[in-house]
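The numbers here are math on the coordinates, done by the rules we state, and not lab data. These figures come from a predicted structure and were not determined experimentally. When we count neighbours, we look across all protein chains shown, and the Cβ atoms used for this are built from the backbone with ideal geometry, even at glycine.
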Amino acid sequence: MSHLRWRKSSFSEGHSDTCVELAADATGTPHLRESDDPEVVIAATPAALRAFLRAAKAGAFDRPGC
């Protein structure tokens with residue numbers, strides 16, 4: 001995955017080891033990783049990532065386990 005160009009949110013400024021990074025490969029498949037463990041990478045479909053981001057923005061994960 002070293003060929004991917006990773007991006008992190010501007011909300012992560014100053015917290016370089018506590019953020020999620022996002023990259024897309026040549027086929028458009030999105031990949032995510034945590035900056036504190038960059039060897040662990042997950043891939044998703046674009047539709048699944050959009051659904052996840054929509055749910056996160058709506059607060060669906062604000063209280064995990066509840």
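Side notes on the structure shown:
- Treating each Cα of the chain as an identical point scatterer and summing with the Debye formula, the log10 of I(q)/I(0) at q = 0.27, 0.28 Å⁻¹ comes to -1.26, -1.27.
- Estimated inter-spin distance, Arg63 and Glu39, nm [label 7 Å along Cα→Cβ]: 3.9 nm
- The stretch between Ala47 and Leu4 holds 13.5 nm of extra length on full extension. This uses 0.36 nm per residue minus the Cα-Cα distance.
- Net charge of neighbours whose Cβ lies under 15 Å from the Cβ of Ala60, counting Lys and Arg as +1 and Asp and Glu as -1: +3
- The chain: most fluctuating residue of Ala51, Ala24, Ala43 per GNM, C-alpha cutoff 10 Å: Ala51
- Estimated 222 nm signal from helices in the chain, with DSSP H stretches of n ≥ 4 weighted -39500 (n - 2.57), rounded to 500: -5500 deg cm²/dmol
- Summing Lys and Arg as +1 and Asp and Glu as -1 over all other residues whose Cβ lies under 14 Å from the Cβ of Thr29 gives a net charge of +2.
- Between Ala56 and Ala24, the contour length at 0.36 nm per residue exceeds the alpha carbon distance by 9.5 nm.
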